[in-house]
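S.K.: Quick one: structure below, then a few questions.
The values are calculated or read from the model by the stated rules, or taken from the named source; none is laboratory data. Values in this document were obtained by computation on a predicted structure and should not be read as measured data. Here the Cβ is made from the backbone with ideal geometry for all residues, glycine too, and neighbour counts use every protein chain on show. For the accessible areas, the whole protein counts, side chains as well, though only heavy atoms, and no ligand, DNA or RNA atoms are used. Shrake-Rupley method; radii C 1.70, N 1.55, O 1.52, S 1.80 Å.
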Amino acid sequence: MPRKGVRQGRTAGGRDREQGRRSVRSALRGRGHGAQPKVVALGGGMGLSASLTALRRITGDLTAVVTVADDGGSSGRLRDELGVLPPGDLRKALAALCGDDEWGRTWSEVVQHRFTSRGALHDHAVGNLLIVALWEQLGDHVAALDLVGKLLGAHGRVLPMSAVPLELEAVVRGHDPERPHRLSRVRGQATVALTPGEVRRVVLVPADPPAVPEAVQAVLDADWVVLGPGSWFSSVIPHLLVPDLLDALVTTRARRVLSLNLAPQPGETDGFSPQRHVEVLVQHAPKLAFDVVLADQAAVPDQRSLREAAERLGAGVELAPVAAPDGSPRHDPELLAAAYDRIFRMHGRIGPWR
């Protein structure tokens with residue numbers, strides 16, 4: 001009997017994935033050039049990459065707005081040495097927008113390639129160096145990223161949320177394990193992401209940074225805005241701490257989706273329930289409303305509590321199978337695309353868009 005149950009579960013999961021693939025293929029066939037939603041996705045790191053990989057399957061009018069507070073690894077070294085924006089999350093977003101054809105796969109691998117050596121190039125990503133070189137050549141963050149996107153054949157546009165390198169500062173309870181109840185201020189995205197304590201709140205340094213105007217305009221012009229998934233305090237919430245960007249998110253006529261993570265992140269959100277993720281977002285941006293909170297149905301043990309938390313955002317909850325079939329906390333691109341497509345059709349205008 002146990003084996004039969006396992007087989008049934010796998011069969012159901014396979015059926016969900018195949019239904020997701022059919023939904024995406026059908027959606028693409030049914031949309032012409034003028035029938036695609038204008039979508040803006042905000043975040044950073046692998047979470048934003050997952051969203052972009054899914055969204056590029058269902059719309060050709062896609063803009064990524066990316067956090068610029070990273071201070072670790074190759075990005076941190078380039079930032080410290082050259083005083084530039086950290087390029088790593090921007091590179092990942094561009095790679096995620098590469099197509100599934102040979103050109104797209106090749107360039108995605110090239111820009112993500114890291115050097116291995118005993119010298120100064122060790123662990124630098126090719127894409128990071130390319131982006132920084134074009135920033136220095138052109139003197140324009142947006143123009144340089146557009147040029148990289150053109151080279152890669154990216155299915156969308158990538159923009160930084162701010163043209164100023166930012167630092168993340170967090171109030172953490174128990175950052176020092178020997179003083180578990182003490183509140184400490186911890187600075188640096190890499191440090192915040194790995195803290196053993198409980199992150200209570202984050203701010204940006206400098207405070208009230210300027211937003212990139214093109215990012216603000218993209219949000220105002222969008223049909224849909226998608227926030228998350230991703231590292232909650234270091235990749236998702238920072239967008240809400242840029243005043244002009246938050247104002248655009250609050251005032252835009254676009255519908256808004258909050259896409260939750262599949263599991264808590266060790267350190268940063270260790271022990272967080274899905275509803276706790278929603279609650280801390282409300283604490284940082286109490287005026288921001290959403291239309292839909294998207295979560296994987298298997299990652300929500302207490303659906304009632306999540307729905308109650310979502311109500312504080314003015315949102316309904318959409319539960320869908322969006323996790324990878326191997327059990328890892330990764331999104332399946334086609335299932336996530338199917339979930340987004342269903343949300344866009346059920347909760348928004350039915351095409352033709354615009």
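S.K.: Residue 326 to residue 279: extension gain in nm, 0.36 nm per residue of separation minus the Cα-Cα distance?
M.R.: Extra length from residue 326 to residue 279 when fully extended: 14.0 nm.
S.K.: Still on this structure, I have one more. Name the residue from 174, 106, 215 whose Cα lies farthest towards the positive end of the charge dipole of the chain, charges +1 on Cβ of Lys and Arg and -1 on Cβ of Asp and Glu.
M.R.: 106
S.K.: Okay, moving on. Below 8 Å, C-alpha to C-alpha, sequence gap of six or more: please give me the relative contact order for the range 267-354 in percent.
M.R.: Here the relative contact order equals 24 percent.
S.K.: When you count, for each residue, the other Cβ atoms within 10 Å and take the mean per peptide, how do 289-301, 150-162 rank with the highest first?
M.R.: Put in order of decreasing packing, that is 150-162, 289-301.
S.K.: Right, next: If you plug each phi of the range 292-297 into the Karplus form 6.51 cos²θ - 1.76 cosθ + 1.60 with θ = phi - 60°, what whole-Hz ³J(HN,Hα) values come out, in order, with x for Gly and Pro?
M.R.: In residue order, the calculated couplings are 9, 10, 9, 9, 6, 5 Hz.
S.K.: If the cut-off is 20 Å between C-alpha atoms, which aspartates and glutamates fall inside it for residue 150, apart from same-chain ones fewer than 8 positions away?
M.R.: 61, 89, 100, 101, 102, 109, 136, 140, 214
S.K.: Then there is this: Hey, what did the chain get for relative contact order, percent, Cα under 8 Å, at least 6 apart?
M.R.: Averaging sequence separation for qualifying contacts and normalising by length gives 19 percent for the chain.
S.K.: Amide H of residue 331 versus every other amide H placed in the peptide plane: which residues, excluding those fewer than 5 positions away on the same chain, fall under 5 Å?
M.R.: For residue 331, the qualifying residues are 324.
S.K.: Oh, and also: Leaving out ligands and nucleic acids, note down the accessible area per residue over the chain with a 1.4 angstrom probe, in whole Å².
M.R.: Spelled out: the 1.4 Å probe surface of the chain, per residue, equals 46 Å².
S.K.: For the range 130-174, which whole-number percentage of the solvent-accessible area (1.4 Å probe, protein heavy atoms only) is attributable to carbon and sulfur atoms?
M.R.: Exposed carbon and sulfur together represent 54 percent of the surface.
S.K.: Oh, and also: What's the carbon and sulfur percent of the range 208-302's accessible surface, probe 1.4 angstrom, rounded to a whole number?
M.R.: Carbon and sulfur atoms account for 48 percent of the accessible area of the range 208-302.
S.K.: So how far apart, in nm, are the two label points at residue 117 and residue 304 if each is 7 Å from Cα heading toward Cβ?
M.R.: 6.1 nm
S.K.: I need the trypsin sites (Lys or Arg not before Pro) found in the range 238-284, filtered to DSSP loop residues with at most 15 other beta carbons within 10 Å of theirs.
M.R.: 253
S.K.: What is the packing order of peptides 303-314, 166-177, taking the mean over residues of other C-beta atoms within 10 Å and listing the highest first?
M.R.: Highest-to-lowest ranking by the protection proxy: 166-177, 303-314.
S.K.: Taking only Cα atoms and a 10 Å spring cutoff, compute GNM fluctuations for the chain and point out the largest among 58, 343, 237.
M.R.: In the Gaussian network model the winner is 343.
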